[in-house]
Amino acid sequence: MSEFVFGTHNAAFVQAMYEDYLRDPASVGPEWRELFDNGKLGELPIIQGAGSREQGAVKAPASPAPVAPAPSSPLPAPPGATPITGPAARLVANMTDSLTVPTATSFRDISATTLDARRKALNAQLAASGKKVSFTHLIGYGIVQAAKRFPVMTHAFQEIDGKPHRVDPGGIGLGLAVDVEKKDGSRALVVPVIKHAETMDFAAFHAAYEAVVEKARTNRLMPDDFAGGTMQLTNPGTLGTVASVPRLMKGQGSIIATGTIREIADAQIITITSTYDHRIIQGAESGMFLRTLDHLLQGEERFYEGVTESLEGKGAGSREQGAVKAPAPPAPVAAPAPSSPLPAPDDLKYVAAAYALVRAHRNFGHLAAHLDPLGSEPPGDPSLDIGRLGLTPEIMARIPAEVLRIYVPGQTLA
């Protein structure tokens, strides 16, 4: 029996499948049946009181010798107390076990203005195809790209022969936390995995994402869909949660949580957290990972251009099965004069750079202010350098101030 099945967030879901199997093996799919048939020889873990079972079908692990009870009688159960059994008890056990993982959490507030604008532009292109790109599609793909830069976020801790070891999986399996409704109307969390996400362009990632979520919501997940996770994405922001510090299960290196997009001082902000195993991942590494994710979502390193090219089938790593057909781009036109609006292919890129510059001035502008009455030069900050962002005074003069939704003197960013 694979360890991942009963030792992760998926445990309650799999426990319920296992109980159905014990009552009627034909009630589960052949892949699950084969897994559980083989698991009989491996002493599958059982939560007592989980439902009817055939006696002797599965041998439960040996329990330690009972400890003599304390002289005083235990307190009676208070009114309204109900025993937690079955899949819920499995979840209780795993959550309690997760407390043995020493974690820390990094928080980062990220401007979502560019993310929102680019998502709307992509969906306008995809309207004819019936496809849609969500915030989570783009954030999830950005997480994968940032993890390629900082693969330590995918590492796991494991004790081997009593000695601590760092396990490098050699790839990125992104687990997606999906809330599903079970047959009895109750809800459960399952975490199917997009395997080898580091090899995918955005079109392939989008297709794989949609495939595993659809299987989760139609109760068609197979055992293999849970395997291979190295980091996890959860999105409590869909419920209005501002920020979250989720539990990190054993065998995982990090779990990334996204909050709801909210308005702060006329700017759209999203809080993203990174909770990590502090035995193998340090705070600086988590912080740099989130910083890289922030830069990508602001449009640096041609992030959105790569997404667009992938959806149009132009990306070098695009996959036929994942490509989403977009309308043909318009025929190129002559570049406008310097005083005219920005050229269409570059306008969003420069606007994104302008947003990054505005954000840098909000955070570090005081470092460039001449405040010393003796005239010493301020230290400044590299993020305030317009050349680093690909901006020039001429480009800034062509960016209307109104699109930035901020007050600046004059009609343009310059």
- [ ] Just one of (1) surrounded by fewer than 18 Cβ atoms within 10 Å (Cβ to Cβ); (2) at pLDDT 95 or above; (3) among the β-branched types (Val, Ile, Thr) trips up Ile139, so point out which.
- [x] (1)
Open item on the list: Of the residues Asp201, Asp184, Asp168, Asp179, only one is of a type outside the set (A, V, I, L, M, F, W, C) and within 24 Å of Ser310 (Cβ to Cβ); which?
Closed with: Asp201
- [ ] Could you check how many residues of segment 199-223 are surrounded by fewer than 18 Cβ atoms within 10 Å (Cβ to Cβ) and within 14 Å of the chain's Cα centre (by Cα)?
- [x] 1
Open item on the list: Residue pairs, Cβ under 7 Å, 6 or more apart or interchain, first in segment 133-154 and in the same structural domain as Ile272 (by TED's automatic domain parsing), second of a type in the set (Gly, Ala, Ser) and crowded, with 19+ Cβ neighbours inside 10 Å. List them.
Closed with: Val144/Ala197; Met153/Ala147; Met153/Gly253; Met153/Ser254; Thr154/Ala147; Thr154/Gly253
Open item on the list: Can you list residue pairs whose Cβ atoms sit under 7 Å apart, with the first residue in segment 234-254 being farther than 20 Å from Met153 by Cβ and the second being modelled with pLDDT of 90 or more and of a type in the set (D, E, K, R)? Count only pairs 6 or more apart in sequence or on different chains.
Closed with: Val242/Arg262
TODO: Would you please name the residue that is farthest from the chain's Cα centre (by Cα), looking only at residues in segment 224-243 that are assigned to a strand (DSSP E or B) and closer than 14 Å to Phe135 by Cβ?
DONE: Thr234
Open item on the list: Given the criterion within 25 Å of Arg359 (Cα to Cα) and surrounded by fewer than 18 Cβ atoms within 10 Å (Cβ to Cβ), identify the matching residue among Arg279, Arg302.
Closed with: Arg302
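What are the residues in segment 198-220 that are small (Gly, Ala, Ser) and in contact (Cβ under 8 Å) with a residue 60 or more places away in the chain, if any? Break it down into steps so the answer makes sense when it comes.
Initial filter on segment 198-220 (small (Gly, Ala, Ser)): 203-204, 207-208, 211, 216.
The answer is Ala203, Ala204, Ala207, Ala208.
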Task: Failed item, numbered, when Arg319 is tested on (1) at pLDDT 95 or above; (2) under 23 Å from Lys132 (Cβ atoms) - done: (1)
Open item on the list: Among the residues that make up segment 115-124, is at least one of them closer than 30 Å to Lys250 by Cβ and in a helix (DSSP H, G or I)?
Closed with: no
Open item on the list: Filter segment 235-256 down to the residues that are buried (at least 22 other Cβ atoms within 10 Å of the Cβ) and among the polar types (S, T, N, Q) and list them by number.
Closed with: Asn235, Gln252, Ser254
- [ ] May I ask you to verify whether Gly185 is assigned to a loop (DSSP other than H, G, I, E, B), modelled with pLDDT under 90 and not basic (Lys, Arg)?
- [x] yes
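Can you name every residue in segment 155-170 that is exposed (fewer than 15 other Cβ atoms within 10 Å of the Cβ), assigned to a loop (DSSP other than H, G, I, E, B) and touching a residue at least 12 places away in the same chain (Cβ under 8 Å)?
We begin by selecting, within segment 155-170, every residue exposed (fewer than 15 other Cβ atoms within 10 Å of the Cβ); these are 158-166, 168, 170.
Applying the additional criterion that residues be assigned to a loop (DSSP other than H, G, I, E, B) yields 161-162, 168, 170.
Correct list: Asp168 only.
The values are calculated or read from the model by the stated rules, or taken from the named source; none is laboratory data. Just so you know, these numbers come straight off a predicted model, no measurement behind them. FYI the Cβ positions are ideal-geometry reconstructions off the backbone, even for glycines, and counts take in every protein chain you see.
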